[in-house]
Amino acid sequence: TKAKPTRIDEKTKVTFKDVAGLKEAKVEIMELVDFLKRPEEYTRLGARIPKGVLLTGPPGTGKTLLAKAVAGESGVPFYSMSGSEFVEMFVGVGASRVRDLFKQAKEKAPSIVFIDEIDAVGRSRDKAKSFQSNDERENTLNQLLSELDGFEANSGVIVLAATNRLDVLDKALLRAGRFDRHIYMELPTRIEREEIFNVHLKRIKTDDSVKVDLLASLTPGFSGADIANICNEAALLAARNKKEVVTNEDFTQARDRVVGGLERSSKIISPNE
Ligand code: ATP
């Protein structure tokens, strides 16, 4: 028997401080935090808070991180699952996982449900014809749609989902009352990369040779995840060489490694400014 794939984080410590850059996305998502903290202020005025918010953008731009920060800032539990985990070979498993996920989240409301890679279940039906377990995937998608419709707005459950393939999503998911709000998260600009480096350098012991503005200039096209990766690689390199502190040289090597990894995975690095 397999462990349940739902991940529950009752008290995530991630906050907006951990999320660098993404100013607009943070402003938009702040409304959800405010609602989770003071729902009565909204209900009193008859305002309806969105049930579902879709985070879109290239891989590694902090979609999961931002979703977690909403839970962390509001102090509510975070229930997450990846779309690829819904889609199983066994008939009925996907749908029952969706049902389970929502059941748990509703019991613990106010809460956040986060579905990563929603395109794995939510791929447009006509675009997915050639897929092997098409019926099963469709059952799972239908279950997800019925769960989204099955609770009231303002019930305290907010569903966040992430995808880097908005173009392939089934339109049914995007209808009013479902994922009708979209927040686009772009690759970071040079200034934002500097902010991301600063967040990740907080836990790393560096010397004066490490210049954040230089690192940011040398990493056009890198995502937040790539930057987190460079910082960790640099610290690993320094530790392997029994150094007391992490130096600029370690960062340069770490960058080259990460670039190598990106090239191998044939990701195109294009300067974005
Ligand atoms: P994917 O689309 O591949 O699932 P994602 O957009 O969900 O990626 P995350 O998983 O949130 O990206 O990012 C991975 C890691 O990269 C984060 O845990 C964090 O360490 C780092 N990171 C990404 N974006 C940022 C950011 N804006 N500020 C600080 N750290 C970031």
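The values are calculated or read from the model by the stated rules, or taken from the named source; none is laboratory data. This is a predicted model, so every value here is computed, not measured. Heads up, the Cβs are rebuilt from the backbone with ideal geometry, glycines too, and the neighbour counts pull from every protein chain shown.
At a glance:
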read-out	value
Top-ranked residue in segment 1-42 [being polar (S, T, N, Q) and under 15 Å from PHE114 (Cα atoms); ranked as modelled with the highest pLDDT]	THR12
Residue list for segment 103-126, filter: part of a helix (DSSP H, G or I) and acidic (Asp, Glu)	GLU107, ASP119, ASP126
Number of positions in segment 130-168 that are within 16 Å of the ligand (Cβ to nearest atom), closer than 17 Å to PHE114 by Cβ and touching a Lys or Arg at 6+ places or on another chain (Cβ under 7 Å)	2
Filter result (surrounded by fewer than 18 Cβ atoms within 10 Å (Cβ to Cβ), in contact (Cβ under 8 Å) with a residue 12 or more places away in the chain and not in a loop (DSSP other than H, G, I, E, B)) within segment 146-180	ASP149, LEU166, VAL168, LYS171, ALA172, LEU174, ASP180
Candidate set from segment 221-244 (those that are within 16 Å of the ligand (Cβ to nearest atom) and either part of a loop (DSSP other than H, G, I, E, B) or in contact with a Cys (Cβ under 8 Å, 6 or more places away or on another chain) (or both)); member that is nearest to GLY62 (Cα to Cα)	SER223
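For every residue, the table says whether it meets (1) out of contact with any strand residue (DSSP E or B) (no Cβ under 8 Å at 6 or more places or on another chain); (2) under 24 Å from GLY156 (Cβ atoms); (3) modelled with pLDDT of 85 or more.
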{"position": "SER80", "(1), (2), (3)": "no, yes, yes"}
{"position": "GLU85", "(1), (2), (3)": "yes, no, no"}
{"position": "VAL91", "(1), (2), (3)": "yes, no, no"}
{"position": "ARG99", "(1), (2), (3)": "yes, yes, yes"}
{"position": "ALA105", "(1), (2), (3)": "no, yes, yes"}
{"position": "ASP116", "(1), (2), (3)": "no, yes, yes"}
{"position": "ASP119", "(1), (2), (3)": "no, no, yes"}
{"position": "SER124", "(1), (2), (3)": "no, no, no"}
